[in-house]
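Structure first, then comments.
The values are calculated or read from the model by the stated rules, or taken from the named source; none is laboratory data. Just so it is clear, the model here is predicted, and its values are computed rather than measured. Positions of Cβ are generated from backbone atoms using ideal geometry, with glycine treated the same way; all protein chains shown enter the neighbour counts.
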Amino acid sequence: MRILLLEDDTQLGPWIEQGLVQEGHVVDLFTDGKDALIAATSQAFDVFIFDRMVPGLDGISLLRALRASKNQTPTLFLTALGEVDDRVSGFEAGGDDYLVKPFAFAELSARVQALGRRSTSTPQQDTATHLNFGDLSLDLIKRKCVRAGQEIDLNAKEFQILEYFMRRPGRVVTKTMLLEQVWNMSFDPTTSVVETHISRLRTKLDKPFETDLILTRRGMGYVFGS
């Protein structure tokens, strides 16, 4: 998943970032609410993690601005403000979860995973039965893949992977995301099943054509399209 983390503590922020990256996520860390707002409105994220007391724009005001602009990305408040009124104000601003400092990283990770399972795509993207990107089309009803007028024979897993990519063009897709969504597996650093299927999919989808659609982002994952 791609996560926007807003945390101005110079020790805690990098520590959370490192832990999430080690679990296979892509994390953009910000220490100022205004900078986080610019990023959140110009890029797609799967989960937001907001501290409440930060410079520039506090976490509550930031989320209210995002919700007002119809951004429904699942959001976790991670803050030292733990009174009942604090929690209520967080949920009223549009928060989906609330975790009070100090906290156990394992609990943070579990809550982030739960939020990440909520789709961040629009309803139209979720229900579309025909996906298109450039010269590539995918018919989910007929289970048919065509690129540049040529039909491409995909097995079931390859079809699922391609559908997952095409619903997220331009976004980083991690190995963990594919394992969870395509294979229903938890992250396993020893398995090469993702790399094997991606290689086979590239052989069919990219090698016969001039432009590669599945790109590797080293240390991060894959990106479909540019």
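Test Gly95 against the criterion of being outside the structural domain of Arg167 (by TED's automatic domain parsing), touching a Leu at 6+ places or on another chain (Cβ under 9 Å), modelled with pLDDT of 90 or more and of a type outside the set (A, V, I, L, M, F, W, C), and give yes or no.
For Gly95, the condition - outside the structural domain of Arg167 (by TED's automatic domain parsing), touching a Leu at 6+ places or on another chain (Cβ under 9 Å), modelled with pLDDT of 90 or more and of a type outside the set (A, V, I, L, M, F, W, C) - is met.
Starting from region 1-12, take each residue that is within 16 Å of Gly33 (Cβ to Cβ) and list its partners that are polar (S, T, N, Q) and surrounded by fewer than 22 Cβ atoms within 10 Å (Cβ to Cβ), counting only C-beta distances under 6 angstrom and pairs at least six apart or across chains.
Once the first residue is within 16 Å of Gly33 (Cβ to Cβ) and sits in region 1-12, its partners that are polar (S, T, N, Q) and surrounded by fewer than 22 Cβ atoms within 10 Å (Cβ to Cβ) give Asp8/Thr31.
Considering only region 43-114, give the strands (runs of 3 or more DSSP E) lying wholly within it that have at least 2 residues that are in contact with a Lys or Arg (Cβ under 8 Å, 6 or more places away or on another chain).
So the answer is 75-79, 97-100.
Just need a number here: residues in region 138-166 that are within 23 Å of the chain's Cα centre (by Cα) and more than 16 Å from Leu201 (Cβ to Cβ).
1
When you go through Thr196, Thr176 one by one, which is the residue that is at pLDDT below 90, of a type in the set (Val, Ile, Thr) and under 23 Å from the mean Cα position of the chain (by Cα)?
Thr176
If you go through region 25-42 one residue at a time, how many are touching a Gly at 6+ places or on another chain (Cβ under 8 Å) and assigned to a loop (DSSP other than H, G, I, E, B)?
2
Within region 75-91, does at least one residue satisfy the condition of being exposed (fewer than 14 other Cβ atoms within 10 Å of the Cβ), in the same structural domain as Ala110 (by TED's automatic domain parsing) and within 20 Å of Trp15 (Cα to Cα)?
For region 75-91, residues exposed (fewer than 14 other Cβ atoms within 10 Å of the Cβ), in the same structural domain as Ala110 (by TED's automatic domain parsing) and within 20 Å of Trp15 (Cα to Cα): present.
When you go through Phe77, Phe105, Phe50 one by one, which is the residue that is of a type outside the set (Val, Ile, Thr) and touching an Asp or Glu at 6+ places or on another chain (Cβ under 8 Å)?
Phe77
Can you tell me which residue among Pro169, Pro208 is under 16 Å from the mean Cα position of the chain (by Cα), assigned to a loop (DSSP other than H, G, I, E, B) and either of a type outside the set (Val, Ile, Thr) or loosely packed, with under 15 Cβ neighbours inside 10 Å (or both)?
Of the residues listed, the single one that is under 16 Å from the mean Cα position of the chain (by Cα), assigned to a loop (DSSP other than H, G, I, E, B) and either of a type outside the set (Val, Ile, Thr) or loosely packed, with under 15 Cβ neighbours inside 10 Å (or both) is Pro169.
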